[in-house]
1. Run the paramagnetic zone check for Glu466: 7 angstrom along Cα to Cβ, then residues of region 564-602 with backbone nitrogen under 18 Å.
2. When Lys and Arg each count +1 and Asp and Glu each count -1, what net charge do the other residues less than 14 Å away from Leu31, Cβ to Cβ, add up to?
3. Quote to one decimal, in nm, the extra length available between Leu436 and Arg40 on full extension: 0.36 nm per residue of separation minus the C-alpha distance between them.
4. Taking the Cα-to-Cβ direction at Glu529 and at Ser664 and moving 7 Å from each Cα, how far apart do the two end points lie in nm?
5. If I model a spin label at Ala418 and Leu69 as a point 7 Å from the Cα along the Cα→Cβ vector, what separation in nanometres do I get?
6. Would you please give the FRET efficiency between Gln200 and Asn611, computed as 1/(1 + (r/R0)^6) with r the Cβ-Cβ distance and R0 = 60 Å, to the nearest 0.05?
7. Which percent of the Cα-Cα distances in region 134-214 go past 21 Å?
8. Enumerate the calculated ³J(HN,Hα) couplings along region 589-603 in order (Karplus 6.51 cos²θ - 1.76 cosθ + 1.60, θ = phi - 60°), each rounded to whole Hz, writing x wherever the residue is Gly or Pro.
Amino acid sequence: MGTALIYDEEMTKYKLLWVDPACKIEVPERLSVSYEALVRTGLSDRCVSVPPREASDAEILLVHSEEYLEGVKKTPHMTLEDLKEFTLQYGDVYFHPNIYHCAKLAAGSALQLVDSVMTGKVRNGMALVRPPGHHSMRSAASGFCVFNNVAIAARYAKQKHGAERVLIVDWDIHHGQGVQYCFEDDPSVLYFSWHRYERQKFWPNLRESDYDSVGKGSGAGFNVNVPWNEVGMENSDYLSVFCHVLLPVAYEFCPDLVLVCAGFDSAIGDPEGEMCATPDIFAHLTHLLMNLAGGKLCAVLEGGYNLTSLAQSVCQTVQTLLGDPLPQLANLRSPCESALESLQCVRSVQRRYWSILKHAADSATTDVSNKRIKLAKAEEEKAETAEDERSQEEKVWPEPAERLRPPVCSASVLPDDAACPDGLKRLVSSKDLGPLLVSRIRNRSMEDAGDADGVATFSRLYTLIEKMRTNEIGNGVALVPDVAAAVECVVQDLGSDLVSRVLVVCVGKEELNYATADGKMLVVQISGEDKEEQKGKYYIPVCLKKGCGDTVGFIQAVFGLLLPLGYEYDPGLVLLVRMPGSGVGDCMWQQLIGLLKGFAKGHTLVLMQTNDGACMGPTASALLGHPAPPLQELLTPLPDDGGALERMRERLQADWKMLQTTVSSGNGETAKS
Ligand code: Q6P
Ligand code: ZN
């Protein structure tokens, strides 16, 4: 199962033929530079090259009107003067004798990509296209867009491939109003967009780009807008919106296909977006979507006007689609107040439609409106000062670090009589631990295990962790006779020797016999057990009343707590512990493994108990990078659970800034309801 790449030089063969400051940034080099970067880095060679085709009239008419199509059809034969005049009826767009041809290829590229993914020829893919699509409407071109490539692809996926639910994630920095209008009243297509808005001061200056446009009629709740009211948003702001809005909603929606309006003007250095998220954020945004819809993801290029930033961002996206280890995002800052306000408003309006957000704070009952006025003033002042400084300062950022695939993807440490799953490398040899470590291990009581066995297993574990640290091995799974004892041994004797921060994710009940106060590890425990007190900043017990089989509760815990904590903590190793009888389902378990790969450059060690070997298959599959099967329709959460989780997040926000989803009290009036 590979990754498709669609590109054709033909789509570089149109350009602006007159002077128009609004359009001069949309240049052919956007496409050629992106493709050349993929060639230079060897990424294009690793993709399945799929040729574009022209979209047919019937396909274009899935979204556009006949009058509009007939109008565009005439443009190849127009004189320069006619083209200029034709262009004038639309905003921020230009026509060229060859643009109709390219627009048919751009839409057709998206359809080729959908065909390749939906028929299982490839797992996922990206189409590099010009002209972009997300602004174009039923009967109008707009914002460099002629045909709405992604909207056409969504209708096509439903019609031709029977997709029942399609998720469109628009991470371009402009609002894809064309996509919103197209699916406004359609519950089968969920459209998510974040966009520079600045309280309607930014193009396309639409009232309906704000957070309160949620869709119409039966489509209510299937349009999710996140307005950015300030420039300069960073990685932490983008990740917060993914964790606290998009991902929970997307998992509840349970799409059959994910389409990405992949614009990279939301990256640092872009003259349009003026944001500060670095190109490697797109590796994470892509990764976080890759376990939806059984991995069926099609990214279609939209904007991106800083050629350096654009090319780097495209490479990060494609490399992630290919399954390479994720870059570490060090030193995340806390989300800014303006982002938090957007987050709070979106969650507050969307909680009516998504049971997974049901317990989100209600902006109407808190004092957000007062704060909004203060925030708006602060934003305006900021904008004014920024305006003066902007012309001088050129943004610089380091080139994204290399993402090296380890020679061995996954390894296992198993008892001699246990079979090793296909594709995993069984570790047999092991390092001599030295007398000190051996005696420390011997001192721990290893139930059910002979002393020699115990030491052999742990010396192999030591080897495994060491090889993960040096990136000789990506991840691994170990079957041990006593998980609790093994965790203790790994975190105290092995892990802390080798890595400075270990994220321990424990599924099921475990008695903790190790100290966590020094921050060398962060323990997040998700279990059905009640009444566990939180012990300090680094031990976080999450209790699900219905147990780990409660999909909604589990997802809320994963996206609302675990992922933001993980991003903020930035571990060097993830230790995923499965306690016997945890009750977690196979699908959820695979989703969890897949999602945790975003941390520690993918270095995850899974610990399971010998008699829990039945889930070895799903575990191995997830470790090897196969997409997790989609979760079944989610059930409504117990009212109590989500509430408890929200209260817990509120408590932890003082220590962990990535858990914030509301504007902080103290800034303006207090927010106690
Ligand atoms: C932005 C038009 C230009 C003002 C110049 C899919 C890609 C896009 C298009 C943006 C058009 N305003 N200062 O379209 O969203 O990036
Ligand atoms: Zn854009």
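1. Label zone hits: 573.
2. On the way: positive: Lys13, Lys15, Arg30, Arg130; negative: Asp8, Glu9, Glu10, Glu26, Glu29, Glu36, Glu302.
Overall, the nearby charge balance is -3.
3. 137.7 nm
4. For the pair Glu529/Ser664, the computed spacing is 3.4 nm.
5. It works out to 5.8 nm between the two label points.
6. 0.50
7. Values: 827 of 3240 pairs.
Considering region 134-214, 26 percent of its Cα-Cα pairs are separated by more than 21 Å.
8. Values, residue by residue: 4, 5, 4, 4, 4, x, 5, 5, 4, x, 9, 6, 6, x, 7 Hz.
The values are calculated or read from the model by the stated rules, or taken from the named source; none is laboratory data. Everything numeric in this text was worked out from a predicted model, so none of it was measured. Heads up, the Cβs are rebuilt from the backbone with ideal geometry, glycines too, and the neighbour counts pull from every protein chain shown. Ligands, DNA and RNA are stripped out before the accessible areas are found, and what is left, the full protein with its side chains, is counted by its heavy atoms. Shrake-Rupley method; radii C 1.70, N 1.55, O 1.52, S 1.80 Å.
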